[in-house]
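What follows is a single structure, written as structure tokens, with notes after it.
Nothing in this text is a laboratory measurement; each read-out follows from the coordinates by a stated rule. These numbers were taken from a predicted model, which means no experiment stands behind them. Neighbour counts are summed over all protein chains in view; Cβ atoms, including those assigned to glycine, are modelled from backbone coordinates with ideal geometry.
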């Protein structure tokens, strides 16, 4: 007999309190967009295949579910993205609306296959589109608004990564590369493989190869990247793309932008159909959240917008969303740590005053928030996921307590004294120390001994195995 509770891979039931929190977070984001003048649209869940996957939509063909419409006898597509739909609405249904046109949207999308960063095949998507203007102020408006919306929903440590995916195509347009060579170059640039780019000097020429390798190495903080980028000799077409990036950066910085700003001048992955400056906004929200977007030209006027890349948010925000106060009621000001009663007194007061008056879910939220406040009272770091998770669980973290979070990223030295079921050590080609030295051997012994079950070592490049890997392989062969 079939298991009626079994769901397809990548499909999940979102249960309380997660579903309620996700819905309130979406509405918080949409409220921020509305305050900037963005009006909400609601496109259909399915469209005809030949229209949805035409033009720029062809890039989504591999991720789109298809089914036959029994009424029209035409193939339908279950949307894997809402950006194309909103662009269609702007071009067709709202063609007579005055520009600039500001639209916001939220809904569910479905993918044929999952990825490591997006394990779900049905996810919520929230986005905005600014249609019409070509000025750099439009790019800055979208980026600043999204950063404000994420911060208002509780995200911390926001960073914004800018890219200009049209720069490299403009730079190599006159190089005469065939399809295979262009793909090989694109793969090397995506992997930040300077050696792989240098190997193409015979086709690119020494001057162009040197420019590309310098651009790969430039990725980093905004000011340093712009200084290095402005010093490079570029042909007129590439110079125009560089100038467009510089104007957007100037507009963002003119508004006293708070989050960290960085630039990767050769980034292209995920931005294949964009026609100008792109961005990725990321921050911590108990888990990583990210927002990507940029300038597009989608079979109509220039379109600037953003799409949520990680839509399923954790169940409890660092700063809880509040419901609007009734007319005439003023929300009480937040109390400082000195004004708050001790954690034990707050727990007892919460239990006495709320247990019989509030719903069980609300009581649980009060207790969880009290635990977070108690952690702050003790001087705990609310940005430390281990301390925060322990506080929510009502336990005191010990130095040797099991670390049960999904993924942790740290340096080799910070990993000392810890153990993990599965450990990944990437980018071994960047190790510059002599692999035969006692210090290097000891360092990598410490790294490898942190893994309980699985150890994964990886590197990139075309110059063969790094010295440390050769040394490790030799050790294994001798054993």
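What is the fewest-to-most order of 274, 456, 182 by other Cβ atoms lying within 10 Å of their Cβ?
Sorted ascending by nearby Cβ count, the order is 456, 182, 274.
Note the full-extension length gain between residue 187 and residue 173 as 0.36 nm times their separation in residues minus their Cα-Cα distance, in nm to one decimal.
Residue separation times 0.36 nm, minus the Cα-Cα distance, leaves 3.4 nm.
Can you sort 113, 28 so the residue with the fewest Cβ neighbours within 10 Å comes first? Display every interim value, and only then the final one.
Values: 113 10, 28 17.
The fewest-first ordering by Cβ neighbours comes to 113, 28.
Relative contact order for segment 166-266: what percent, with Cα pairs under 8 Å and sequence separation of 6 or more?
Contact order relative to length: 37 percent.
For an R0 of 51 angstrom, estimate the FRET efficiency from the Cβ-Cβ distance between residue 420 and residue 39 and round to the nearest 0.05.
Taking R0 as 51 Å, the efficiency between residue 420 and residue 39 is 0.60.
With contacts defined as alpha carbon pairs under 8 Å and 6 or more residues apart, what's the relative contact order of segment 83-239 in percent?
Once divided by the residue count of segment 83-239, the mean separation gives 15 percent.
Pop a pseudo-label 7 angstrom from the Cα along the beta-carbon direction at both residue 65 and residue 217 and give the gap in nm to one decimal.
4.9 nm
Taking other Cβ within 10 Å of each residue's Cβ, how do 419, 454 sort, fewest first?
Sorted ascending by nearby Cβ count, the order is 454, 419.
Sort the following peptides by mean Cβ neighbour count (other Cβ atoms within 10 Å, averaged over residues), highest first: 71-77, 170-176.
Going from most to least packed, we get 170-176, 71-77.
Let a ≥ b ≥ c be the square roots of the eigenvalues of the Cα gyration tensor of segment 10-129; is it rounded (a/c under 1.5), or, if not, prolate (a/b larger than b/c) or oblate?
oblate
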